[in-house]
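**Q** Mind having a look at this structure? Questions to follow.
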Amino acid sequence: MYLISVFLDNEKHADFFMKIWICISVILLLCVMLTITGGMHVDQHAARITQRDSVLSGAQLARQYCGMCHRYPDPSLLDKKTWTANVLPNMALRLGIRKPGQDPYDGMDKAEQDVLRSMNIYPDSPLIVLDAWEKIVSFYEQAAPDKPVPQPPHPPISRSLGLFDVKPLYFEEKLIPQTTLLKFDHHTDQLYVGDASDFLYVLDHTFTFKAAWQLESPAVDIDFPLQQPPRLLTIGTFNPSDLARGRFFTFDTIGTTPASQLINIPDLPRPVEFSVADLNGDEREDLIVCGFGNHTGKLSWYDNFQPDKEHLLSTLPGALNVRIGDFNRDGKPDLMVFMGQAWEGISIFYNQGGGRFEEKRILQFDPVFGSSYFELADFNNDGLVDILLTNGDNWDYSRVDKNFHGVRIYLNDGSFNFHEAWFFPLHGASKAVARDFDNDGDLDIAAIAFYAGEDEPGNGFVYFSNGGSLDFKPHSFEEAATGKWLCMEVADVDHDGDEDIVLGSYIHNMAELNQFLRQHVTQYPHLLVLTNRLMNIN
């Protein structure tokens with residue numbers, strides 16, 4: 001260090017050795033990041049900010065330190081108050097900076113504390129000197145807007161939804177809806193409804209109650225193999241947590257499955273979705289699980305559903321959705337994965353054969369982007385899969401309306417490079433699906449917004465009719481303002497040849513309930529059934 005500082009005093013060599021110094025700094029920062037995530041032991045004193053940082057500006061320090069664990073967030077993404085009162089205090093704790101008497105584990109149960117301490121999420125010693133940290137805070141405070149930036153203008157949303165008849169459904173034994181799962185089984189014509197109370201309800205295609213089952217935690221995903229019992233995924237805990245209490249298992253309610261064929265994979269880190277494919281070419285299905293987690297997570301695949309044959313693809317938190325396809329056309333199934341925590345974005349895990357995968361990041365977003373859901377569809381009829389994506393998660397440290405929340409389409413250039421071709425601003429967008437609802441030969445979109453703005457509750461559901469060439473006309477309806485729509489299922493429930501929609505509401509707490517009361521909403525349907533009238537019209 002001394003030799004480098006001497007050479008930096010020499011103007012002739014300053015530029016050359018400054019580049020060397022930057023390289024060394026990057027290596028040290030990577031070591032710090034690995035220490036934070038539990039991947040390597042590093043002497044924290046050696047990894048702390050050096051005297052060179054004292055000459056850096058707040059903007060330079062922000063890029064250096066805020067970019068350690070996620071993409072550098074521009075101050076314009078949030079308002080001053082949100083940065084200084086919520087986001088930056090949380091980052092300070094992650095850098096080991098605490099106010100006198102402050103305990104980042106306060107109110108946390110011991111099991112959760114033990115996990116976070118083992119990961120060194122909140123270091124006991126600072127990783128940055130206070131003067132440098134204050135520069136970063138001052139930079140955001142000065143550069144951020146005074147108020148959240150308003151969303152860009154968009155075509156007005158029609159309050160007429162002529163294509164669908166709307167019917168609310170209520171569960172008598174539960175006053176407040178907390179739907180965590182909606183899936184329709186085409187084999188049995190039954191709708192499975194998960195609830196945060198740990199119940200799984202089964203309705204027939206007329207939405208008549210058939211059965212209810214008590215689970216150990218809320219159901220979040222299910223599939224229906226032909227002539228086999230369903231396979232069910234439970235989340236463990238719905239609230240943010242690093243405790244691995246989720247489970248994937250055979251949901252055999254009548255006990256006809258031989259014990260040797262029962263699947264049981266416990267201790268999953270807040271899993272939210274799963275997919276199935278033969279990944280290693282042995283002609284047997286394998287399981288891919290998105291373990292969202294919280295501070296840590298896990299994207300894994302299990303050879304032939306065997307819990308002792310787990311293969312890790314990523315230990316980063318935030319795995320939301322996985323879509324399977326032969327994206328490079330080499331005859332092997334690849335995985336496209338949407339990540340929604342810290343390093344938000346979409347990656348393709350290319351199948352190298354032999355159970356090996358190589359990751360390529362194809363889209364990358366800011367850490368407050370609010371990634372929530374994606375699916376693949378061909379919007380321009382060129383034979384290539386495009387990406388339909390929503391971003392609107394607004395749960396954590398920045399619960400303000402964001403101008404960049406909404407529904408997006410990214411078109412594929414043929415080499416799996418994607419560019420944004422359409423964006424509709426929608427606060428709190430949580431899911432969107434593409435179907436030809438009006439049977440005119442192009443894809444329409446049904447979207448929900450779990451965090452719709454308080455002054456626009458009717459935007460909790462928006463139907464986009466496609467006029468061609470991505471010219472979408474938005475529609476909604478009055479009853480959309482009666483729920484917080486977390487789940488949406490699309491299926492031909494009534495067997496008339498067109499696609500129907502079922503929405504599931506989730507009201508999390510009294511604050512959200514009071515929001516409805518302020519809007520004079522006093523009835524809270526668990527489900528809204530949108531029956532497509534297309535075939536009746538024709």
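**Q** Please give the calculated 222 nm ellipticity per residue for the chain, where each DSSP H segment of at least 4 residues contributes -39500 (n - 2.57) and the sum is spread over every residue; nearest 500 deg cm²/dmol? Could the numbers behind the result be given before it?
**A** Details: 9 runs with 90 residues, N = 538.
After summing the helix terms and dividing by the residues of the chain, the value is -5000 deg cm²/dmol.
**Q** Enumerate the helices in the chain for which the Kyte-Doolittle hydropathy averages 0.5 or more and the C-alpha atoms extend at least 18 Å along the helix's axis, using complete DSSP H runs.
**A** Helix filter hits for the chain: 11-36.
**Q** For a test of the definition: using alpha carbon positions, the gyration tensor, and the 1.5 limit on a/c, classify segment 169-240 as rounded, prolate or oblate.
**A** In terms of gyration-tensor shape, oblate.
**Q** In debye to the nearest 20, how big a dipole does the chain give about its Cα centre with +1 on each Lys and Arg Cβ and -1 on each Asp and Glu Cβ?
**A** Details: 42 positive and 75 negative charges, 397 e Å.
Roughly 1900 debye for the chain.
**Q** While we're looking at this one, here's another question. Strictly over 24 Å apart at the Cα level, which of Lys80/Lys402; Lys431/Lys473; Lys167/Lys210; Lys110/Lys174; Lys99/Lys298; Lys431/Lys484 would you flag in this model? Write down the numbers at each step before the final one.
**A** Numbers: Lys80/Lys402 13 Å; Lys431/Lys473 18 Å; Lys167/Lys210 19 Å; Lys110/Lys174 32 Å; Lys99/Lys298 32 Å; Lys431/Lys484 12 Å.
Exceeds cut-off: Lys110/Lys174; Lys99/Lys298.
**Q** Here's something else I'd like to know. For the ranges 279-288, 484-493, what's the packing order if you count other beta-carbon atoms within 10 Å of each residue, average per peptide, and put the highest first? Write out the running numbers ahead of the final one.
**A** Values: 279-288: 16.8, 484-493: 21.3.
Descending mean neighbour count gives 484-493, 279-288.
**Q** Using alpha-carbon pairs under 8 Å, 6+ residues apart, how would you state the relative contact order of the chain in percent?
**A** 12
**Q** Another question, if that's okay. Starting from 0.36 nm per residue, how many nanometres of slack lie between Asp440 and Met535 once their C-alpha separation is accounted for?
**A** Between Asp440 and Met535, full extension yields an extra 32.9 nm.
**Q** Report the gain in length on full extension from Asn264 to Asp165: 0.36 nm times residue separation, minus Cα-Cα distance, nm rounded to one decimal.
**A** Gain on extension, Asn264 to Asp165, equals 31.6 nm.
**Q** Rounded, prolate or oblate: which fits segment 252-291 when a ≥ b ≥ c are the square roots of the eigenvalues of the alpha-carbon gyration tensor, with rounded for a/c under 1.5 and prolate only if a/b beats b/c?
**A** oblate
Read the figures in this text as sums done on the coordinates, not as results from a lab. Note that the coordinates shown come from a computational prediction; the quantities given were computed from them, not determined experimentally. In this analysis, Cβ positions are derived from the backbone assuming ideal geometry, glycine residues included, and neighbour counts consider all displayed protein chains.
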